[in-house]
């Protein structure tokens with residue numbers, strides 16, 4: 001878990017970059033949609049078996065364009081559209097919200113990395129309606145391609161916590 005001051009600094013920098021404060025007027029804004037599933041590697045007898053399917057929205061802003069790299073920030077919100085299973089219990093859902101700093105190559109086919117904070121809310125559908133919230137550091141990577149003017153197709157993976165990752169495909173529109 002990150003220290004409170006480090007958390008505030010990372011969230012503040014990400015918000016400033018997304019809002020475009022201090023950026024070039026030619027910087028691009030991106031909006032995207034994605035569909036994915038959480039993958040778990042829990043080996044606990046009563047642990048999570050399969051992850052829920054999620055649909056998400058991303059909003060990003062390019063802050064600095066170098067010769068081969070684009071640096072920026074993005075925010076993402078992913079909501080469950082199908083429940084996951086536990087090994088010996090009720091189904092579960094997850095909501096994710098993240099703020100990330102990003103670095104992407106500027107080629108037609110690109111690689112992107114991101115680091116940031118993710119808020120997760122796990123809800124277990126049983127008679128007690130258990131919900132658990134957490135905030136933590138998150139890392140991600142993506143491979144993508146420009147498929148039309150201003151439209152990118154992207155395959156991404158984001159580590160949510162030690163034994164859980166979101167794998168997703170999506171489209172992003174730049175303007």
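The values are calculated or read from the model by the stated rules, or taken from the named source; none is laboratory data. All figures in this text were calculated on a predicted structure; none of them were measured in a lab. Note: ideal-geometry Cβ built from the backbone for every residue, glycine included; neighbour counts use all protein chains shown.
Among the residues of the stretch 99-120, the ones that are surrounded by 18 or more Cβ atoms within 10 Å (Cβ to Cβ) and closer than 15 Å to residue 165 by Cβ come to 5 in all.
Among the residues examined, residue 87 does not qualify as surrounded by fewer than 18 Cβ atoms within 10 Å (Cβ to Cβ) and closer than 16 Å to residue 30 by Cα.
Selection of the stretch 157-170 for residues being over 27 Å from residue 87 (Cβ atoms) and surrounded by 15 or more Cβ atoms within 10 Å (Cβ to Cβ) yields only 170. Can you find a residue that is closer than 20 Å to residue 35 by Cα, under 18 Å from the mean Cα position of the chain (by Cα), modelled with pLDDT of 95 or more and surrounded by fewer than 17 Cβ atoms within 10 Å (Cβ to Cβ) anywhere in the stretch 121-142? Yes, the stretch 121-142 has at least one match.
One residue stands out among those in the stretch 29-48 that are over 19 Å from the mean Cα position of the chain (by Cα) and surrounded by 14 or more Cβ atoms within 10 Å (Cβ to Cβ): the one that is modelled with the lowest pLDDT, which is 47.
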